[in-house]
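Structure first, commentary second.
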Amino acid sequence: MDLNKCLQLLEKNDPDVYNAIAGEENREKKGIELIPSENYTYSEVFAANGSILTNKYAEGYPGKRYYGGQEFTDVVESLAIERAKKLFKCDHANVQPLSGSPMNQAVYMAFLKPGDTILGMDLSHGGHLTHGHPVSHMGKIFNFVRYKTIPEEKGRIDFDELLRIAKETKPKIILCGYTSYPRDYDYANFKRIADEVGAITMADVAHIGGLIAAGVMRNPFDYGFDIVTTTTHKSLRGPRGGMILCKEKFAKIIDKSVFPGLQGGPHMNTISAIAVALGKALQPEFKEYGKQILKNSKVLAETLMDGGMKLITNGTDNHMMVVNTVESVGIGGTEAEHVLDSVSITTNKQVIPDDPNPPLRPSGIRLGTPCATTRGMKEDDIRKIGGWLIEALQNNQDESQLKRIKNEVEAFCQKFPVPGL
Ligand code: DSN
């Protein structure tokens, strides 16, 4: 396969699609991505993801497929499984979920009947749509009961209250995990409460999978967790996909729930690319990468707070932070996202705990450092980015200031090539 030749053919035969892809490449190069769930993947991942494995049906699992011709698909899926088990120190890995939502859905369907109860984090406090928001199908099928954090106390979770709720509602699963929570979890306390009420423990570490793999954040399996789910394209830097990791006693029920329960043919090109990314995550450099993400995140949080920005929970222990833009500069998250887009800093609008405003017009933005770190940016670079971000938000009506900041951001970004291209 010659990927350059493939691109040349695309340019010639479908210029509309080619030009959109080229436009995105240029956008990713010229500005700075601060969306905490994104990353720049590796050249080798592009090669595997765009490979001939796209052609292959492989329903089933290595050694037990429903189609012939599986000698190579079995190799890549087994590699992905073995690497995932080693990285996350677990008994079993299912690498077939197409992405984050189906991966969580497959876990719920494995253990619960419609109407059963799951205890999960409130969306506005950092939980994910699949953790029980009413707009998600999951919220319609299962009875989600939500717990909250105490933002003023560094996002602490009140475990006495959690135990009270768990005793009252008798959940089958106690779920911790998040999409916009800037702290780490106290897995030991979740496990203690789950044991007390006889619930399964599940951690959705989609955002911090790479940081756990790098050994710089806590691993739920070290605290006896039953099930861990993670996406593969965030801090793990792989292709877009999901994984369910679990104890051996749940291996069969999880595999059955993914296929044939929820999905058909696995995307073998993606699975081969997951194997590649996990191979990279096993290298010593990945540990350094994880450490640098956290250092950069701390520095960004400090720079923003020193510049008068109000951060939810007053800081961060992971790769992300949430800024209350209404309190900081008097504009909502949607407007802040647009202002920052106009200076080539990409962020995403974000609800804050118990946000009085709706998700499309929320009170904050969410930021993170995996992308900047992948591009080789270190603490001093992050301070500059934080400075531009504050300046842009504070001068959000001043076209000439915004133009100057955009020029400075784009000139700065040229010094940091996007890996993988
Ligand atoms: N969209 C992901 C995120 O940005 O956190 C979660 O689904």
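For this structure, a couple of remarks:
- For the chain, built as a Gaussian network whose Cα springs stay under 10 Å, the top-fluctuating residue of Glu44, Glu59, Glu25: Glu25
- If you wrap the range 382-421 in the convex hull of its Cα atoms and look at it from every side, the mean projected area works out to 3.2 nm².
- Net charge, Arg240 excluded, C-beta distance under 12 Å - Lys, Arg +1, Asp, Glu -1: +1
- Cβ charges +1 (Lys, Arg) and -1 (Asp, Glu), total dipole of the range 288-421, debye: 340
- Taken over the range 237-314, the percentage of Cα pairs per 5 Å bin, counting from 0 up to the bin with the maximum distance, is 3, 11, 13, 13, 14, 12, 11, 11, 7, 3, 1.
- Charge tally in the Cβ shell below 13 Å around Gly69, where Lys, Arg are +1 and Asp, Glu are -1, Gly69 excluded: -1
- Taking the charge dipole of the chain about its Cα centre, with +1 at Lys and Arg Cβ atoms and -1 at Asp and Glu Cβ atoms, the residue from Ala411, Gly307, Pro353 reaching farthest to the positive side is Pro353.
- Derived value for the chain: Kirkwood hydrodynamic radius 22.2 Å. Basis is the mean of 1/r over every pair of different alpha-carbon atoms.
- Span-rule helices in the chain, defined as complete DSSP H runs reaching 24 Å or more along the axis (Cα) with Kyte mean at least -0.5: 71-88
- Most fluctuating residue given options Asn19, Asn49, Asn143, as computed from a GNM of the chain linking Cα atoms under 10 Å: Asn19
- Using the Cβ of Met109 as centre and a radius below 11 Å, the other residues enclosed give a net charge of +1, where K and R count +1 and D and E count -1.
- Per-selection Kirkwood Rh - the range 288-421 (Cα, Å, 1 d.p.): 14.9
- Among Pro358, Pro151, Pro220, residue whose mean-square fluctuation peaks in a GNM of the chain (springs only between Cα atoms under 10 Å): Pro358
- Over the range 271-331, relative contact order from alpha-carbon pairs under 8 Å, at least 6 apart, %: 25
- The ranking of Ile365, Ile32, Ile200 by Cβ neighbour count inside 10 Å, starting from the fewest, reads Ile200, Ile32, Ile365.
- Residue pairs, from the table Lys86/Lys113; Lys172/Lys298; Lys113/Lys191; Lys29/Lys86; Lys5/Lys64, whose Cα atoms sit over 29 Å apart: Lys86/Lys113; Lys172/Lys298; Lys29/Lys86; Lys5/Lys64
- Over the range 1-123, Cα pairs under 8 Å with separation of 6+ residues give a relative contact order of 11 percent.
Bear in mind that the values in this text are calculations on the coordinates, not laboratory data. This structure is a prediction, so every number in the text was calculated from the model and none was measured. Every residue, glycine among them, receives a Cβ derived from its backbone with ideal geometry; neighbour counts consider all protein chains shown.
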